[in-house]
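Student: Take this structure, written in C-alpha cells, and hold onto it; I'll ask about it next.
The values are calculated or read from the model by the stated rules, or taken from the named source; none is laboratory data. Computed from a predicted structure; not experimentally measured. Heads up, the Cβs are rebuilt from the backbone with ideal geometry, glycines too, and the neighbour counts pull from every protein chain shown. Keep in mind that these areas ignore ligands, DNA and RNA; they rest on the heavy atoms of the full protein, side chains included. Shrake-Rupley method; radii C 1.70, N 1.55, O 1.52, S 1.80 Å.
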Amino acid sequence: METSLRRAIEREELHLAYQPICDLSTGRMVSFEALARWRDAEGCDHSPVDFIPVAEESGLIVPLGRWAVQQATMQLAEWDRIAGGSCGMRMSVNVSAIQLQRDAIPAVIDGALGKAGIAGDRLTLELTESAIVGDPDGVTMIMEGLKELGTTVAMDDFGTGYSNLAYLQKLPIDILKIDRSFVNGMLADRDKIAIVRAIMGLAQALGMKTTAEGIETIELGQTLAALGCTYGQGYLYAKPLDPEAAWAMIAAQA
Ligand code: C2E
Ligand code: MG
Ligand code: MG
C-alpha cells in the first residue's frame, strides 16, 4: 500500500470530499471538513482509516498533508470566485500528529493561505489529542503559531485519546469535536449522554465551542442543540460530497 500511495500522491490521484458542518442553533451550514479520498489505478476506493496510518508510518503524511491544505484552501477560493465574494463558508483540514512533528506546519499553512488568497480566519485545523502527548511544549508553540495566522484550532475525536486536561486548559484550543462513538446511539445510552454532557461542560468552562460528529437523525441533532452544542456534522446534514455537490448546497442556502 505504501508504494501505491506514494505513486498516487506523486500522480495527484487523491482528492478531497467536503462534509458540511452546521450551526445547531440556526441549522445553517457554516463550514466544510475536507476529507482525503483515494481511488487507485484499478478503480478501488481506499478508506482514509486505512491509508492515513500507512502515510503516517511511512512519512508520506508530510506531502499528503501539504497537498490537503493546499487543495482545500484552493477549493474555498474557487467557491468565493463563483460566489463573487466570500461564499460565507469556512474550511476545516485534518492535521496528523506526525505531520506536526515532521513538518513546519505554521509556515505550510501560511503558504497555502497566501497562495489561495484566503484569510486565516476562514481556516480551522483539526488536531488530535495524540499530538499533545508526544511533545506538549512543541505543540504549544505550533498552536500559538497557528493562532498568529488567525486560524481556528479544533481538537478532533475528543474523548478517545489520552486527554491531558492540564494542557487542554493551557493550549489555544477553540473547539472540541466530540467523537462520534459518544454521539451515535447516545439517546439510548445513559453513559454516552453523560460523557457528551461532561465534554460540553468542560468546553464551556474553558471557553471553547463544541462540534458533535456523527449526527445521523433529526432527534439527535435536536437533542444536541438543546444541550447547547455549538456545531453538528453527520449524515443527517450530508455525507462527504464532491466539490460540485458541496457548491450546490452552498448556493441553495444563500
Ligand atoms: P475525522 O477527522 O474524525 O472525520 C470524520 C469522519 O467521520 C469521516 O470519515 C466522515 O466521513 C465520518 N462521518 C461523518 N459523519 C458521519 C455519520 O453521520 N456517520 C458515520 N458513520 N460517519 C460519519 P472518513 O472520511 O472515513 O475519515 C476518517 C478519518 O481519516 C478522519 O476522521 C481523519 O482522522 C482521517 N483523515 C481523513 N482525511 C484526512 C487528511 O487529509 N489528513 C489527515 N491527517 N487525516 C485525514
Ligand atoms: Mg476531522
Ligand atoms: Mg473526528
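Student: If amide H atoms are built 1.01 Å from N in the plane of the peptide, which residues on other chains or at least 5 residues away come under 5 Å of the amide H of L14?
Tutor: none
Student: Within the chain, what whole-number % of the accessible surface is contributed by carbon and sulfur, with the 1.4 Å probe and all protein chains included in the calculation? Show your work: numbers first, answer last.
Tutor: Details: 6060 of 12020 Å².
Here carbon and sulfur together make up 50 percent of the probe-accessible area.
Student: Taking the chain as a Gaussian network, Cα atoms linked when under 10 Å apart, which of L146, L236, L24 shows the biggest mean-square fluctuation?
Tutor: L236
Student: Moving on. For a Förster distance of 25 Å, can you work out the FRET efficiency between the beta-carbons of E219 and Q253, rounded to the nearest 0.05?
Tutor: Details: r = 23 Å, r/R0 = 0.91.
With a Förster radius of 25 Å, E is 0.65.
Student: Apply the Karplus parameterisation 6.51 cos²θ - 1.76 cosθ + 1.60, with θ equal to phi minus 60°, to every residue of segment 233-246 and state each ³J(HN,Hα) to the nearest whole Hz, in sequence, with x for glycine and proline.
Tutor: Once θ is set to phi - 60°, the couplings for segment 233-246 become 9, x, 4, 4, 7, 4, 6, x, 10, 6, x, 5, 5, 5 Hz.
Student: Also, quick follow-up: Can you list residues from other chains, or at least 5 along the same chain, whose modelled amide H is less than 5 Å from the amide H of T128?
Tutor: Residues meeting the amide H criterion: A97, D156.
Student: Using only Cα atoms, locate the centre of segment 33-97 and the centre of segment 1-31, then give the distance between them in Å, rounded to an integer.
Tutor: 4 Å
Student: Please give the length that would be gained between T160 and T140 if that part of the chain were fully extended, namely 0.36 nm times their separation in residues minus their C-alpha to C-alpha distance (nm, one decimal). Present the calculation step by step, with values, prior to reporting the outcome.
Tutor: Working: separation 20, 0.36 × 20 = 7.20 nm, distance 2.04 nm.
Net length gain for the segment: 5.2 nm.
Student: Sticking with this one: I need the shape label for the chain. Rule: rounded when a/c is under 1.5, else prolate if a/b > b/c, else oblate, with a, b, c from the alpha carbon gyration tensor.
Tutor: Numbers: a/c = 1.37, a/b = 1.18, b/c = 1.16.
Rounded shape, in that the Cα axes give a/c under 1.5.
Student: Quick one: Karplus J couplings for segment 48-59, per residue in order, coefficients 6.51, -1.76, 1.60, θ = phi - 60°, nearest Hz, x for Gly and Pro?
Tutor: x, 4, 8, 8, 5, x, 5, 4, 5, 5, 8, x
Student: Something else about it: Spin-label point model (7 Å from Cα, Cβ direction): what's the S130 to V30 distance in nm?
Tutor: The modelled label-to-label distance comes out at 2.9 nm.
Student: Using helices alone, I'd like the mean residue ellipticity at 222 nm for the chain: each DSSP H run of four-plus residues gives -39500 (n - 2.57), total over residue count, nearest 500. Provide the component values of the computation, followed by the final result.
Tutor: Numbers: 12 runs with 127 residues, N = 254.
Mean residue ellipticity at 222 nm (helix-derived): -15000 deg cm²/dmol.
Student: Can you compute the modelled spin-label distance between A188 and L227, with each label point 7 Å from Cα toward Cβ, in nm?
Tutor: Inter-label distance under the simple model: 1.7 nm.
Student: Rounding to the nearest 20 debye, state how big the charge dipole of the chain is about its Cα centre with +1 on each Lys and Arg Cβ and -1 on each Asp and Glu Cβ. Each step should come with its number before you reach the end.
Tutor: On the way: 21 positive and 34 negative charges, 116 e Å.
The calculated dipole for the chain is roughly 560 debye.
Student: Still on this structure, please answer the following. What is the local net charge at T124, summed over the other residues whose Cβ is closer than 9 Å to its Cβ (Lys, Arg +1; Asp, Glu -1)?
Tutor: On the way: positive: R90, R122; negative: E33, E126, D174.
Net charge around T124: -1.
Student: Can you give me the relative contact order of the chain as a percent, contacts being Cα pairs under 8 Å and 6 or more apart?
Tutor: Details: 420 pairs, mean separation 50.8, N = 254.
About 20 percent, as a whole number.
Student: Assign unit charges at the C-beta atoms only (+1 for Lys and Arg, -1 for Asp and Glu), then state the dipole size of segment 8-124 relative to its Cα centre in Debye, rounded to the nearest 20. Mind dumping the intermediate values first?
Tutor: On the way: 10 positive and 16 negative charges, 90 e Å.
It works out to roughly 440 debye.
Student: For the chain, modelled as a GNM with alpha-carbon contacts under 10 angstrom, which of V62, V93, V133 fluctuates the most?
Tutor: V133
Student: From the phi of every residue in segment 4-12, what ³J(HN,Hα) in whole Hz does the Karplus formula 6.51 cos²θ - 1.76 cosθ + 1.60 yield, where θ is phi - 60° and glycine or proline is x?
Tutor: 6, 5, 4, 4, 4, 5, 4, 8, 6
Student: Rounded to the nearest whole Å², what accessible area per residue is found for segment 91-248 with the 1.4 Å probe? Can you show the working numbers first?
Tutor: Numbers: 7230 Å² over 158 residues.
Result: 46 Å² of accessible area for each residue.
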